[in-house]
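The next block holds one structure in the form of structure tokens; read it before the comments.
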Amino acid sequence: MSALTPPTDMPTPTTDKITQAAMETIYLCKFRVSMDGEWLCLRELDDISLTPDPEPTHEDPNYLMANERMNLMNMAKLSIKGLIESALNLGRTLDSDYAPLQQFFVVMEHCLKHGLKAKKTFLGQNKSFWGPLELVEKLVPEAGEITASVKDLPGLKTPVGRGRAWLRLALMQKKLSEYMKALINKKELLSEFYEPNALMMEEEGAIIAGLLVGLNVIDANFCMKGEDLDSQVGVIDFSMYLKDGNSTKGSEGDGQITAILDQKNYVEELNRHLNATVNNLQAKVDALEKSNTKLTEELAVANNRIITLQEEMERVKEESSYILESNRKGTKQDRTVDGQALSEARKHLKEETQLRLDVEKELEMQISMRQEMELAMKMLEKDVCEKQDALVSLRQQLDDLRALKHELSFKLQSSDLGVKQKSELNSRLEEKTNQMAATIKQLEQSEKDLVKQAKTLNCAASKLIPKHHH
């Protein structure tokens, strides 16, 4: 809603004076903005009445909240986009005096304050977004360092100041998007602090959290000890986002720098995925080694049982031959007794034979397990080949990135404006490229070690099955 400030010494102002006062001062407590493409446009407020109205109209609260959420989301889009573009054009680390960065924190503060429930204390009611931000350390353990640092700052005395400091530290850590996503996903925790139709409880909050990912490409550095975050007034400067007909597009070189930075981020993300895949393969190799050790132990036990059965069979044969010889020499009665002993020996021999068959079945099962392990080894080798292809593709992308860097270096040498800034960017690109090349070499070495371990595991598995056939 908009409010007019007529002079206090005239209790019954005329229509002309009210109109003049409205043209001079309009306080946008509940501002209304809309998006026109990528620009912010201020629309005429329908609820401003320049004539006395004894019966003011009342709008639907849900409609007002939805309108405010849309306005805040549009403001966040413009603020984040403008901050990224200006930071990349500036080409240096941002500090707290940078105007687009200040406006970004103001917009984020408005987004976090939208729909906050009033907390009753002994000093009265208080609304602060520091309470929801304290929950982040329970959801993401890495945020505990930021929360501890904020609580240890000596100059902060209010929850609002601590919340502002937390936002700045999260941006410096390049984890603001991750923390906001983790917080928004826990609606059951946020319901303690926000109304059901607040921005953080609706879809607009998730959209803003996704937009914050783009801020990871900029570097910021703040000195918290010298800033008075408690008494700052968060007012959005709409003039930074109003459409300017004379605005021109960035130079072609800046566009190429942005493209190269995007490619660099893509290569770094691909490198992280490749590292995770290599770690998964290493875990599979470790599991195969443990399975191989277990199979070796079970095979040794089976071999010992086979040897024991063979010894028992030899002993039974000797006893049988001795009994037969005794039958030839003994009397008929003795032959009857010996016949009974022989039948028992045959029965025992039959049982031992059945036991041996069971052992042979178990041995066949061990052989099938070995075949399954060999199949797993083949799949592991296939994964290694796929990672080699990924490395080749990554090298090709690295070569393309280097070619783009050389081409940009040639264009930068022929340019008279921004030579110092672009040379610094070129040196950083070279450093990132060298780091990526070193990472690729490490991955290649890790891949060679992985293949060597796989071959060693295959050789060890081939020696598991004994060469005895009975």
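The values are calculated or read from the model by the stated rules, or taken from the named source; none is laboratory data. None of the values given here were measured: they were computed from a predicted structure. Because the Cβ atoms are built from the backbone with ideal geometry, glycine has one as well, and the counts that use them run over all protein chains shown. SASA here: full protein model, heavy atoms, side chains in, ligands and nucleic acids out. Shrake-Rupley method; radii C 1.70, N 1.55, O 1.52, S 1.80 Å.
Here are a few things to note about the model shown:
- Residue match in segment 200-213 (condition: over 15 Å from Phe105 (Cβ atoms), open to solvent by 60 Å² or more (accessible area, probe 1.4 Å) and part of a loop (DSSP other than H, G, I, E, B)): yes
- Which numbered condition Leu64 fails, given (1) at pLDDT 75 or above; (2) under 32 Å from the mean Cα position of the chain (by Cα); (3) on the phi < 0 side of the Ramachandran plot: (2)
- Those helices (runs of 4 or more DSSP H) of segment 103-189 in which 3 or more residues are modelled with pLDDT under 90 and open to solvent by 70 Å² or more (accessible area, probe 1.4 Å) occupy 144-152.
- Test: Gly245 is loosely packed, with under 12 Cβ neighbours inside 10 Å, at pLDDT below 65 and closer than 28 Å to Tyr98 by Cα: yes
- The lone criterion from (1) farther than 30 Å from Arg370 by Cβ; (2) touching a residue at least 12 places away in the same chain (Cβ under 8 Å) left unmet by Gln453 is number (1).
- Boolean, Asp230 is modelled with pLDDT under 90 and surrounded by 15 or more Cβ atoms within 10 Å (Cβ to Cβ): yes
- Asp416 vs. criteria charged (D, E, K, R), open to solvent by 90 Å² or more (accessible area, probe 1.4 Å), at pLDDT below 90 and in a helix (DSSP H, G or I): no
- Leading residue by the ranking (surrounded by the fewest Cβ atoms within 10 Å (Cβ to Cβ)) among those in segment 387-413 that are of a type in the set (S, T, N, Q) and modelled with pLDDT under 85: Gln413
- Test for Lys77: is it over 15 Å from Leu167 (Cα atoms) and out of contact with any Gly (no Cβ under 7 Å at 6 or more places or on another chain): yes
- Those residues of segment 419-433 which are modelled with pLDDT of 80 or more and either among the hydroxyl-bearing types (Ser, Thr, Tyr) or not in a helix (DSSP H, G or I) (or both), in sequence order: Ser427, Thr433
- Residue pairs meeting the criteria (Cβ under 7 Å; at least 6 apart or on separate chains; first within 17 Å of Ser326 (Cβ to Cβ), in segment 339-363; second open to solvent by less than 40 Å² (accessible area, probe 1.4 Å) and assigned to a helix (DSSP H, G or I)): Ala341/Ile323; Leu342/Ser320; Leu342/Ile323; Ala345/Val316; Ala345/Ser320; Ala345/Ile323
- When Glu289, Glu311, Glu297 are checked against the criterion of being modelled with pLDDT of 80 or more, exposed (fewer than 11 other Cβ atoms within 10 Å of the Cβ) and under 53 Å from the mean Cα position of the chain (by Cα), a single residue qualifies: Glu297.
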